[in-house]
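First up is the structure itself, then whatever we jot down about it.
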Amino acid sequence: MDRRNALKLGVSALAGLYLSPLLGQSHILNTPAFKGPFQPTWDSLEKYQVPDWFRDAKFGMWAHWGPQCEPEAGDWYGRGMYEEGSRQYKFHVEKYGHPSKFGFKDVINVWKADNWNPEELVNLYKNSGAKYFMAMANHHDNLDLYDSKYQPNWNSTKIGPKKDIIAGWEKAARKAGLPFAVSVHAAHAWNWFDTSQGADKNGALAGVPYDGKLTKADGKGTWWEGLDPQDLYAQNHPLSAKPSDRSSVHSQWDWADGASIPSSAYSEKFHDRTIDLIDKYNPDMIYFDDTALPLWPVSDAGLRIAAHMYNKSLQKNNAVQAVITGKILNEQQKKAIVWDIEKGQSNAIEPLPWQTDTCLGNWHYDRGVYNNKRYKSAKTVIHT
């Protein structure tokens, strides 16, 4: 395994550390009781205790790897390729064609993961000092990288690599004796992909819609005949405010500031996909790329997922050995799950365990970072 190929997998660093005060109390939704001592409410989840294995681990490695690495053009490619005039849009048009004709679904189709060797990679990470290993289970692009019961067509066993990526990572991590973690980002596909609803404002194809609104009926005679792109893009809904503004999606991360609110069907599908992931692959840890928990506060889906994972771990281990992370937590939420600070750290010594995470280059592989020797040094990763 050469250095370039290892880095192309989007390997990132994770560190378990300690937390600080942020937001006030969140509104609690009325939800049905969940079987087991942990109920899907913050009041119940705050009884959680962080397991010793995570307190002691201190350093982990994360393979932030999926179909957005295929173009080798950096992070959030699946959104940026639909932003007319952007670097990724220009790259996409030159490499693949116009996004009305070759969309992100087609990028997935050409991603094959031919040289992926999970056992070799996990051994490399362990030998580098990792005490736990994390693999990406899905990103905002909404492709499940596992044999997904509730995303049955748009998953890596059916298109693209036609491999169960999470199963391969899990097997390698267990063999290496490392706790196995997964990261889940798909709750935000609803508004993250809203750029795919657009069209060029200039040029020969001005006004021609990108492929984000295509349906199953449009696929006749294509490689994706029989598949419904809306099961991937989830764009059969009104746009969020300022959908083409790159900064607006960040201000709407907590489903405020004009965000289009996900439907109940979308939220329940995300819930079912994540429960399926937990039950099939038994991760020791889940990283959620969300404010607090997924879809909070517009849905209690994330609360139900957390209660399920804690109760399942308790039943299996006679103590909760599971870890769940979330971002931008209030004081009660910091007791219920582990606070994650992306590319940052607390400015105080904290009473509870927390985690920071960063990437060596971009979150998704960018050949330019490699070519220009812009990877972060170990010192930079550790100290910043």
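The values are calculated or read from the model by the stated rules, or taken from the named source; none is laboratory data. Everything numeric here is computed off the predicted structure, so don't read it as measured data. With ideal geometry, Cβ positions are generated from the backbone for all residues, glycine too; neighbour counts draw on all protein chains shown.
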Residues satisfying the stated conditions in the range 279-288, i.e. surrounded by fewer than 19 Cβ atoms within 10 Å (Cβ to Cβ) and either hydrophobic (A, V, I, L, M, F, W, C) or within 16 Å of Leu314 (Cβ to Cβ) (or both): Asp279, Asn282
Residue within the range 124-144 that is part of a helix (DSSP H, G or I), in contact (Cβ under 8 Å) with a residue 40 or more places away in the chain and farther than 26 Å from Gly74 by Cβ present: yes
Qualifying position, being more than 27 Å from Asp228 (Cβ to Cβ), in contact (Cβ under 8 Å) with a residue 60 or more places away in the chain and hydrophobic (A, V, I, L, M, F, W, C), among Phe193, Phe180: Phe180
Among (1) hydrophobic (A, V, I, L, M, F, W, C); (2) within 17 Å of Ser100 (Cα to Cα); (3) at pLDDT below 95, the one test that Val208 misses: (3)
Residue among Trp154, Trp169 that is touching a residue at least 12 places away in the same chain (Cβ under 8 Å), of a type in the set (A, V, I, L, M, F, W, C), more than 19 Å from Asp75 (Cα to Cα) and touching an Asp or Glu at 6+ places or on another chain (Cβ under 6 Å): Trp154
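Here's the yes/no breakdown for (1) outside any loop (DSSP other than H, G, I, E, B); (2) within 25 Å of Pro297 (Cβ to Cβ); (3) within 20 Å of the chain's Cα centre (by Cα); (4) modelled with pLDDT under 95:
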{"position": "Leu29", "(1), (2), (3), (4)": "no, yes, no, yes"}
{"position": "Gln49", "(1), (2), (3), (4)": "no, yes, no, no"}
{"position": "Arg55", "(1), (2), (3), (4)": "yes, no, no, no"}
{"position": "Trp65", "(1), (2), (3), (4)": "no, no, yes, no"}
{"position": "Glu84", "(1), (2), (3), (4)": "no, no, no, no"}
{"position": "Phe91", "(1), (2), (3), (4)": "yes, no, no, no"}
{"position": "Lys105", "(1), (2), (3), (4)": "yes, no, yes, no"}
Residue ID - modelled with the lowest pLDDT, chosen from residues in the range 227-278 that are over 22 Å from Trp154 (Cβ atoms) and of a type in the set (Lys, Arg): Arg246
Residue ranges of strands (runs of 3 or more DSSP E) in the range 318-376 with at least 1 members farther than 30 Å from Gln39 by Cα: 353-359
Enumeration of residues in the range 283-312 that are assigned to a helix (DSSP H, G or I) and of a type in the set (Val, Ile, Thr): Ile305
Test set (1) surrounded by 15 or more Cβ atoms within 10 Å (Cβ to Cβ); (2) within 19 Å of the chain's Cα centre (by Cα) - Ser247 fails condition number: (1)
Meets criteria (more than 16 Å from the chain's Cα centre (by Cα), among the basic types (Lys, Arg) and under 21 Å from Phe54 (Cα atoms)) for Lys316: yes
